[in-house]
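*Asks:* Dumping the structure here so I can ask a few things about it.
Laboratory data are not the source of any read-out in this text; all were calculated from the coordinates shown. Predicted model, so just to flag it, every value in this text is computed and none were measured. Please note: Cβ atoms are built from the backbone with ideal geometry, for glycine as well, and neighbour counts cover all protein chains shown.
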Amino acid sequence: MDTKPRVVAVGAGLAGMETLFTLRRRLGDRVELALVADRDDFEFRPGTVYVPFGGAEDDLQIPVASPAQRQGITVEHGAVAWVETEPKRLVLTDGRTLDYDFLVLATGAAMRPERVPGLAEHAHLVGSLHQMRELGRTLRRLRDAAVDGSPQHALFLVPPGNCWPGPVYELAFMLETWLRRSRVRDRVCLTFATFEDRYMEALGAGLHPVIGEKFASRGIISHARSVVTEVEPHRVRFADGTAHTFDVLVSTAPHAAAVDYEGLPKDRNGFLLTDAETRRVRRTDAVYAPGDAGDFPVKLGYLSLLQADAVADDIAARIDPASVAEPRRFDPVGLFVLEMLDEAVFARTPLAMTGEPDRSGEGRRVGVSPIWHLGKKTLGAYLPQRFRAGHPVHGGLRQDAVSLGLRGLSKAMSEPVEES
């Protein structure tokens, strides 16, 4: 090529940043990289679950400009109006146009609480740093009321259409530990209700009995197959005719694509339809959708990183075949540590391309230990450091050592699980 090929990524999140950082590592200065971002900071969402309980916030907001500058990535501030595939051009809402040779659409998913009547008005939604700060203030008021002798009820809710309920599970268990440490656990009723047939069913049947036992041992009332139909002030109604009252309602919401890309193939929720292994958008030659913007139904940060690696390798191999001996393909393995503040549950589940667990039984492991709590805290500090430095999460000697340690720990501190 007479000029350097240009890769433009839209979205300053896990998938977009990982893709660009990996491409720089793979191709060096043989490629021009650009990032379109609609904000100055990237929030590291996995770490926000600690914020309601006094967790530090300093490392959770990562400036976009400084790591991009370190890697020679041009940052364009703005939002997408539409995408053209012939000619290859991206149009921003302010009228600017950006040409590309390869385009990475990593704009993620967004919650749509309006799909459940009353949810937006009466629930504390789980997600952003701002939402977690507000939840923390509410939980402190709940604890203070319990200290003053007023019984309280906190209800945790997972509605239909949600693609990743993990943080709601974590917050339920973390609140139980926090209240117990505050010596007011006996004055607060905790209830968990989810539409799922089994607890954390996205990661297979193996977690259901483990989480169910933890709910029971910690005195958390739990209900699966509870489909919310409406939220009223201090009351949630379900499809089976039952209702639960609450003083505090903590919920996630149905998901849909954060950006609607007119003209590109997508499902009914706006998620871009992709090739399973490369995450290339169907019926396009050079457009990719790693992470939550794509159609893989489980929206989990670890899976976003795996998809970004596959996208980066596919693009690098097309630009310079010698740069990647064996391009990585997206092999969906769900890896999740469910935090409880005093211990944690580790789960590793190979998934089929549908998002359903691979029922072959190979490679699925579950473990419970205080060590996983420490491990999650350590990884939560390590990953933002990688992004701040402009390095991909997956790559380099330090990450190889971390991955090796994680594999060893998973074998020592978890057990194989058979699908029932």
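*Asks:* Could you work out the local net charge near Val116, counting Lys and Arg as +1, Asp and Glu as -1, over the other residues with Cβ closer than 11 Å to its Cβ?
*Replies:* 0
*Asks:* Any idea how far apart Ala322 and Thr378 come out in nm if each label point goes 7 Å out from Cα toward Cβ?
*Replies:* About 4.0 nm separates the two model spin labels.
*Asks:* Return P(r) of region 113-253 (all Cα-Cα pairs; 10 Å bins starting at 0; whole %; ordered from short to long distances).
*Replies:* P(r) for region 113-253, in whole percents per bin: 12, 45, 36, 7, 0.
*Asks:* When only alpha-carbon atoms are used, what values of Rg and Dmax, in angstrom, describe the chain?
*Replies:* Rg, Dmax (Cα atoms, Å): 21.7, 75.
*Asks:* Roughly how big is region 113-253's charge dipole about its Cα centre, with Cβ charges of +1 (Lys, Arg) and -1 (Asp, Glu), in debye to the nearest 20?
*Replies:* For this selection, approximately 560 debye.
*Asks:* Based on the Cβ-Cβ distance from Glu57 to Glu86, what FRET efficiency comes out when R0 is 35 Å, to the nearest 0.05?
*Replies:* 0.20
*Asks:* Something else about it: Highest first, please rank the peptides 55-64, 264-273 by the mean number of other Cβ atoms sitting within 10 Å of their residues.
*Replies:* The densest-packed peptide leads the list: 264-273, 55-64.
*Asks:* Another one. Could you tell me how many cubic angstrom of Cα convex hull volume region 118-171 has per residue?
*Replies:* Dividing the Cα hull volume of region 118-171 by its residues yields 97 Å³.
*Asks:* What distance in nm separates the simple spin-label points at Ala243 and Asp29, each placed 7 Å from Cα in the Cβ direction?
*Replies:* Modelled inter-label distance: 6.9 nm.
*Asks:* Only bridges with both residues in region 1-80 count here: give the DSSP antiparallel percent, nearest 5.
*Replies:* Within region 1-80, antiparallel bridges account for around 25 percent of the total.
*Asks:* Still on this model: Which helices of the chain meet both criteria: a Cα extent of 18 Å or more along the helical axis and a mean Kyte-Doolittle score no lower than 0.0, with helices taken as whole DSSP H segments?
*Replies:* 14-27, 166-181, 301-319, 397-412
*Asks:* Report the dimensions of region 244-318 along its three principal axes from the alpha-carbon atoms, largest first, rounded to Å.
*Replies:* 56, 27, 16
*Asks:* Let me ask something else about it. To the nearest 20 Debye, how big is the dipole of region 276-347 about its Cα centre, given +1 on the beta carbon of each Lys and Arg and -1 on that of each Asp and Glu?
*Replies:* 440
*Asks:* I would also like to ask the following. Based on the Cβ-Cβ distance of Arg181 and Thr74, what FRET efficiency does E = 1/(1 + (r/R0)^6) give at R0 = 51 Å, to the nearest 0.05?
*Replies:* Efficiency computed from Cβ-Cβ geometry: 0.60.
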